[in-house]
Amino acid sequence: MSPETSSPSWKLSFPHVVVATITSFLFGYHMGVVNEPLESISVDLGFSGNTLAEGLVVSMCLGGALVGSLFSGWVADGVGRRRAFQLCALPMIIGASISAMTKTFEGMLLGRLLVGTGMGLGPPVASLYVTEVSPAFVRGTYGSFIQIATCLGLIGALFIGIPVKEIAGWWRICFWISTIPAAILLVAMVFCAESPPWLYKRGRTEEAEAAFEKLLGGSHAQLALAELSKSDRGDDTDTVKISELLYGRHFKVVFIGSTLFALQQLSGINAVFYFSSTVFKSAGVPSTLANVFIGIANLTGSIIAMALMDKLGRKVLLLWSFFGMAISMALQAVAASSYIPGSGELYLSVGGMLLFVFNFALGAGPVPGLLLPEIFPSRIRAKAMAVCMSVHWVINFFVGLLFLRLLEKLGPQLLYTMFGTFCIMAVMFVKRNVVETKGKSLQEIEIALLPQD
């Protein structure tokens, strides 16, 4: 079969994608690492009972992540995708080591801030890199690896945190363990291919072809390079101004991207992740068990999404995912009302929450991070991702900060109804604004979506 009609082997790009998703594993791990040990940390570092201080230990990471994601586009475009991964691993190693060794509350915050910077820099670069190095026919499947790696990181953190109540100072080990995957990422990236579109944009055509050969095999490399030059409009060397993204000709795609991430967070997913154990505790389910259930629901949904991403397409998964989340929130709102007798309420609230996480993992979780690098033209791809991820972190930060306060003031029924309403808004938004990118090369998508000058 000629290269035009056959697909390149997925086996060549697979190891590169796996190395890139270590950032997502670390992201998930650090999201969950303080969940179980927070009590022990607060006792050991002398801020026990201070809820503001406990909240800071969780949200300091998010503050760092906002900074990291704001600069991610400039870093990824300036030094290349591989170096960007290595720059993301460094603060994660240093930050985790500081947190593991600290004797003070301030030291813990500094460590969390540094780790957060790496957490912010990693995911947008991973999304870019996976999109740019994957063959079109498996790009959706590979994009799902990012979500699966995040789930595995979360589950890993929960399991490693189990002995924290029995062994004094175990929380320090939890932080030390995270330096291992970060060090592997730092070293393994040396052997990975650089992103061909990035090399091409820099005028390094021969290196881009060599990278394509590494990723797709010799016969497909020239074809891929020819496709790249087809969508090249000669403006790639211009610097991208922020004004161009916020109200220039690229405003529409950046608006779609930012809104998708905003709706993903406003659905209440991170509130569920951060505070699931509190909700389960009130239903009489032990927190470790609750976290394991949440992890399993998340992983199952992600694996199904991986199987369906290149078959059904991104848009279908997004629509059904947000719709399912709205139904799940409705179940929880009903459970929180006074019309349901005792045990029925328990089953509805726990079932609703697990169903919510499962539906999230089917589409709303993995699709935005995959779809956005696909619909952004290569010239603005990294910077536009940085803008959208920053929106994600700002909303994530406020949801984390205000969830418990809102729960006290509004009560669960009204709060769950609000989250459900955002899910319905997301369904309407996706139906109107999202294009299908399944099976198309990045160049085909770019040519189809290019704003006409």
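Table for the structure above
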| item | result |
| --- | --- |
| J(HN,Hα) series, the stretch 192-202, from Karplus relation 6.51 cos²θ - 1.76 cosθ + 1.60, nearest Hz, glycine and proline x | 8, 6, 6, 5, x, x, 5, 4, 4, 4, 8 |
| J(HN,Hα) series, the stretch 32-45, from Karplus relation 6.51 cos²θ - 1.76 cosθ + 1.60, nearest Hz, glycine and proline x | x, 5, 8, 4, 6, x, 3, 4, 4, 4, 5, 6, 5, 9 |
| The chain - percent of accessible surface contributed by carbon and sulfur, probe 1.4 Å | 69 |
| Per residue accessible area in Å² of the chain, where ligands, DNA and RNA are left out and the probe is 1.4 Å | 40 |
| Cβ charges +1 (Lys, Arg) and -1 (Asp, Glu), total dipole of the chain, debye | 340 |
| Structure-derived P(r) over Cα pairs in 20 Å bins from 0, in percent: which label, when the choices are (1) 24, 53, 21, 1; (2) 19, 37, 36, 7, 0; (3) 26, 57, 17, 1 | (3) |
| Using alpha-carbon coordinates, inclination of helix 269-282 to the longest axis of the chain, degrees | 20 |
| Hz values of 3J(HN,Hα) by residue in the stretch 419-429 - Karplus curve (6.51, -1.76, 1.60), Gly and Pro given as x | 4, x, 4, 4, 5, 5, 4, 5, 4, 5, 5 |
| Using alpha-carbon coordinates, inclination of helix 139-160 to the longest axis of the chain, degrees | 30 |
| Charge dipole of the stretch 308-451 about the Cα centre (unit charges at C-beta), most positive-ward option of C423, I380, A336 | I380 |
| Environment charge of L56, counting only residues whose C-beta is closer than 13 Å and scoring Lys/Arg +1, Asp/Glu -1 | -1 |
| Length-normalised contact order of the stretch 29-117 in % [C-alpha pairs under 8 Å, at least 6 apart] | 37 |
| Rg ratio (alpha-carbon, reference 2.2 N^0.38 Å) - the stretch 392-435 | 1.40 |
| Average Cα contact separation per residue, the chain, under 8 Å, 6 or more apart, as relative contact order % | 23 |
| Residues of type lysines that K165 reaches as a straight line, Cα spacing below 24 Å, ignoring anything fewer than 8 places off in the same chain | K103, K281 |
| Set of lysines with alpha-carbon distance to K214 below 30 Å, sequence-local pairs under 8 removed | K11, K201, K230, K311, K383, K438, K440 |
| Crossing angle, helix 314-336 versus the chain [Cα axis fit, 0-90 degrees, rounded to tens] | 10 |
| Between the stretch 51-88 and the stretch 89-137, the Cα center-to-center distance that results, in Å | 6 |
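The values are calculated or read from the model by the stated rules, or taken from the named source; none is laboratory data. On a predicted model such as this, the values are computed, not experimentally measured, just so you know. Here Cβ is always computed from backbone atoms with ideal geometry, including for glycine, and neighbour counts include all displayed protein chains. Note: areas computed on protein heavy atoms with side chains; ligands, DNA, RNA excluded. Shrake-Rupley method; radii C 1.70, N 1.55, O 1.52, S 1.80 Å.
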